[in-house]
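Engineer: Just dropping this structure here.
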Amino acid sequence: MAVNRSFEILDVTLRDGSHAMRHSFTEKQVEETARGLDKAGVSYFEVSHGDGLGGSSLQYGFSKVNELKLIEAASSVCSRAKVSVLLIPGIGIKDDLQDAVKAGAKMVRVATHVTEADVAAQHINLGRELGLKTVGFLMMAHMASTAKIVEQAKLFESYGAEIIYVTDSAGYMLPNEVTERIKALKENVSCEIGFHGHNNLSMAMANTIAAVEAGASYIDGSLRALGAGSGNTQTEVMVGVFERLGYNTGINLYDILDVANDVVAPFMQRPQEITGSSLILGYSGVYSSFLLHTQSAAQKFNVDERDILVELGKMKAIGGQEDLIFDVAQRLALNV
């Protein structure tokens, strides 16, 4: 039976959670999580390396299992839910997307830095040609003015994106900032609008509510908040909160709780909590996936990981500049 949902909750446990899992998902973990999401009534969920298709590498971290096998495993156990993949131009290429479709992907989210939507034209076009639900994903949205975000969203729209996301990659934004950006997009583009939040300042749920109230029709969450930094808006909590607010999520609360607690919680490597370092991520506006790399660099050079993050924030480092983390740590160690 079709469900008249108020919006779509897209679960990113099996993609953003890859960061927190050090890209070590197994096929069994993916199958069991996918099966639970499907049973609960989730329409879309994302599967890929944390940095998207093609992300398995020395720079971003090698995957334990080839992501195409994970996409295929997830797709094989779903009767309703559809698999989404993330693609960052320059990390993933067009061949990666074509291979993902063969493995079962039905949606692609093409992600760029908030000021660089123009690098995504060919990938957005290919997504549409392949019959995928095609999304433009503006990362690190706190680093651009609302006017700039509208400008970049219009580029995504012109390339054929059906949905455009405001992405708080650093967990830096506050509800009023989310409201302003979502409302501006609703007023200036015809695409549906989405929001992806991180919880480094404990604002993810509040920001997601603000996004929905401003007109977002797609919102992201992860089970048990499994994701980069302090994780994402917690999917099962979103279901309960939005139902209390009178929205229809189309997701069964008990079923989504079961997959979060019985499937995901046992394989998590650490609880998703706001530590001192992940708080500094949000406070400084640093990309959430930098956290584990920063911890490794801090240990190697015997410096305070918080100092590294503060410096990265001052440098306005963005995704793709992970090499700066070790450079900063070395400079701090030498007191340069």
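The values are calculated or read from the model by the stated rules, or taken from the named source; none is laboratory data. What you are looking at is a predicted structure, and each value in this text was computed from that prediction instead of being measured. Virtual Cβ from ideal backbone geometry, glycine too; neighbours counted across all protein chains shown. Note: accessible area is taken over every heavy atom of the protein model, side chains too, but ligands, DNA and RNA are not part of it. Shrake-Rupley method; radii C 1.70, N 1.55, O 1.52, S 1.80 Å.
Engineer: Across segment 242-273, which residue is modelled with the lowest pLDDT among those that are closer than 30 Å to Ile325 by Cα and surrounded by 18 or more Cβ atoms within 10 Å (Cβ to Cβ)?
Structural biologist: So the first thing to find is which residues in segment 242-273 are closer than 30 Å to Ile325 by Cα, and the list is 264-265, 267-273.
Cutting the leftovers down to surrounded by 18 or more Cβ atoms within 10 Å (Cβ to Cβ) gives us 264, 272.
Working: Val264: 98, Gln272: 92.
Filtering segment 242-273 for residues that are closer than 30 Å to Ile325 by Cα and surrounded by 18 or more Cβ atoms within 10 Å (Cβ to Cβ), the one modelled with the lowest pLDDT comes out as Gln272.
Engineer: Can I ask one more? Quick one: which of Thr26, Thr33, Thr13 is over 16 Å from the mean Cα position of the chain (by Cα), open to solvent by less than 10 Å² (accessible area, probe 1.4 Å) and under 29 Å from Glu322 (Cβ atoms)? Full working, then the answer.
Structural biologist: Details: Thr26 fails: open to solvent by less than 10 Å² (accessible area, probe 1.4 Å); Thr13 fails: over 16 Å from the mean Cα position of the chain (by Cα).
On inspection, the qualifying residue turns out to be Thr33.
Here's the yes/no breakdown for (1) without any contact (Cβ under 8 Å) to a residue 60 or more places away in the chain; (2) open to solvent by 70 Å² or more (accessible area, probe 1.4 Å); (3) within 28 Å of Lys28 (Cα to Cα):
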residue	(1), (2), (3)
Glu72	yes, yes, yes
Ala100	yes, no, yes
Arg109	no, no, yes
Ile124	yes, no, no
Glu129	yes, yes, no
Lys133	no, no, yes
Ala141	yes, no, no
Ile149	yes, no, no
Ser158	yes, yes, no
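Engineer: Of all residues in segment 120-137, count the ones that are touching a Lys or Arg at 6+ places or on another chain (Cβ under 9 Å), closer than 24 Å to Val178 by Cβ and not polar (S, T, N, Q).
Structural biologist: The total comes to 4.
Engineer: Would you check which residues across segment 274-283 are part of a helix (DSSP H, G or I) and either at pLDDT below 90 or crowded, with 18+ Cβ neighbours inside 10 Å (or both) and list them? Talk me through it step by step, then tell me what you get.
Structural biologist: Residues of segment 274-283 that are part of a helix (DSSP H, G or I), as a first pass: 276-283.
Passing the criteria: Gly276, Ser277, Ser278, Leu279, Ile280, Leu281, Gly282.
Engineer: Please work out if Val241 is assigned to a helix (DSSP H, G or I), of a type in the set (A, V, I, L, M, F, W, C), farther than 26 Å from His49 by Cα and over 20 Å from the mean Cα position of the chain (by Cα).
Structural biologist: So Val241 passes the test.
Engineer: Suppose we filter Ser202, Ser190 for residues that are over 17 Å from the mean Cα position of the chain (by Cα) and part of a loop (DSSP other than H, G, I, E, B); which single one remains?
Structural biologist: Working: Ser202 fails: over 17 Å from the mean Cα position of the chain (by Cα).
From the options Ser202, Ser190, the qualifying one is Ser190.
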